[in-house]
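Trainee: Pasting a structure here, questions to come.
The values are calculated or read from the model by the stated rules, or taken from the named source; none is laboratory data. Computed from a prediction, not measured in an experiment: that's the story for all the values here. Every residue, glycine as well, gets a Cβ built from its backbone with ideal geometry; the counts of neighbours run over all protein chains shown. We work out accessible area using only protein heavy atoms, side chains counted, and drop any ligands, DNA or RNA first. Shrake-Rupley method; radii C 1.70, N 1.55, O 1.52, S 1.80 Å.
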Amino acid sequence: MAALAGVMLAGSAVAQSVVVRSTGPSAATYPQGRKLAANASVVLKAGDHVTVLDKAGTRVLSGPGTFTLNGAVNRDQSGGGTALAAVMTRGAGARTRTGAVRGAPTGPVAAPSGPENVWYIDVSKGGTYCVADPATLVLWRPERTDEGTGKLLSQDGSMADLTWRAGSALKVWPAATVPVVDGQTYTFSNAVGKPVKIRTMLLPSVPEDEVEVAAAMAAKGCNAQLDLLANLASAEQSGG
């Protein structure tokens, strides 16, 4: 908990919610990663859209208006907490001998907008990612119909060639040849799209509470994962 002190609001031991995305005139007041105490009031102007995560799940607050973050307000979504628990589950994939991950679809499927798990690294976008367990870190690609290849290069010079099986979106990070180092930057490149930068931030411990996990990610600057949580809220609100 001491590592999270920098993002805690004064007088609040445990956050009621965490801002995972914020746009509009009040974005500076409610920046991504801000922790909000129980019963806090969020005052929004026209054009504001603030996505918050709490124990009930994620949802978007749209201005103008004043929103009190209490149980009555936060539990207006059906199944939000269930969806949140699913996307934040650790160890969702099992390693195979080839370095792929079991449980991936085997037939052609439409490319999803993002990983189905917050601990997967999206190689199509890159960004800063918090890592719970380097030994089980997974790389995710959106296009899974055909076989895919790529190259992972660390700033220390270590490198690995990667191959995804046709029908698989998941690949275990090649830790034996490219170690996962706290604060290290890596470049992923393939024949499709521009190279992307991936920065890994190791978490010494992972809280059990989803809100505190999001707060830990915010403290480490793992905005790629906060964006994924915000996308979950947008999908739920639109019925996706």
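Trainee: Looking at segment 26-42, which of its residues are open to solvent by 70 Å² or more (accessible area, probe 1.4 Å), in contact (Cβ under 8 Å) with a residue 24 or more places away in the chain and either more than 24 Å from residue 210 (Cβ to Cβ) or touching a helix residue (DSSP H, G or I) at 6+ places or on another chain (Cβ under 9 Å) (or both)?
Mentor: Across segment 26-42, the qualifying residue is only 34.
Trainee: Tally the residues that are of a type outside the set (D, E, K, R) and within 16 Å of residue 125 (Cβ to Cβ), restricting the search to segment 174-196.
Mentor: Counting residues in segment 174-196 that are of a type outside the set (D, E, K, R) and within 16 Å of residue 125 (Cβ to Cβ) gives 10.
Trainee: Out of all the residues in segment 55-66, which are over 15 Å from the mean Cα position of the chain (by Cα) and either open to solvent by less than 10 Å² (accessible area, probe 1.4 Å) or within 12 Å of residue 23 (Cα to Cα) (or both)?
Mentor: Those that are over 15 Å from the mean Cα position of the chain (by Cα) and either open to solvent by less than 10 Å² (accessible area, probe 1.4 Å) or within 12 Å of residue 23 (Cα to Cα) (or both): 60, 61, 62, 63.
Trainee: Can you tell me how many residues in segment 129-147 are part of a strand (DSSP E or B) and more than 13 Å from residue 188 (Cα to Cα)?
Mentor: 4
Trainee: Next question. Restricting the search to segment 154-203, which residues are open to solvent by 70 Å² or more (accessible area, probe 1.4 Å) and either in contact with a Ser or Thr (Cβ under 9 Å, 6 or more places away or on another chain) or aromatic (Phe, Trp, Tyr) (or both)?
Mentor: 155, 159, 161, 165, 177, 182, 191, 192, 195, 197, 199
Trainee: I would also like to ask the following. Which of the residues that make up segment 110-160 are among the hydroxyl-bearing types (Ser, Thr, Tyr) and closer than 18 Å to residue 182 by Cα?
Mentor: Of everything in segment 110-160, those that are among the hydroxyl-bearing types (Ser, Thr, Tyr) and closer than 18 Å to residue 182 by Cα turn out to be 120, 128, 129, 136, 154, 158.
Trainee: Inspect all residues belonging to segment 112-123 and state whether any of them is without any contact (Cβ under 8 Å) to a residue 60 or more places away in the chain and farther than 19 Å from residue 206 by Cβ.
Mentor: Yes; the residues of segment 112-123 include at least one that is without any contact (Cβ under 8 Å) to a residue 60 or more places away in the chain and farther than 19 Å from residue 206 by Cβ.
Trainee: Another question about this same structure. For residues in segment 94-128 being outside any loop (DSSP other than H, G, I, E, B) and small (Gly, Ala, Ser), which is modelled with the highest pLDDT?
Mentor: The residue in question is 127.
Trainee: On to the next question. Keeping to segment 1-25, report how many residues are at pLDDT 90 or above, open to solvent by 30 Å² or more (accessible area, probe 1.4 Å) and touching a Lys or Arg at 6+ places or on another chain (Cβ under 6 Å).
Mentor: Residues meeting the conditions: 1.
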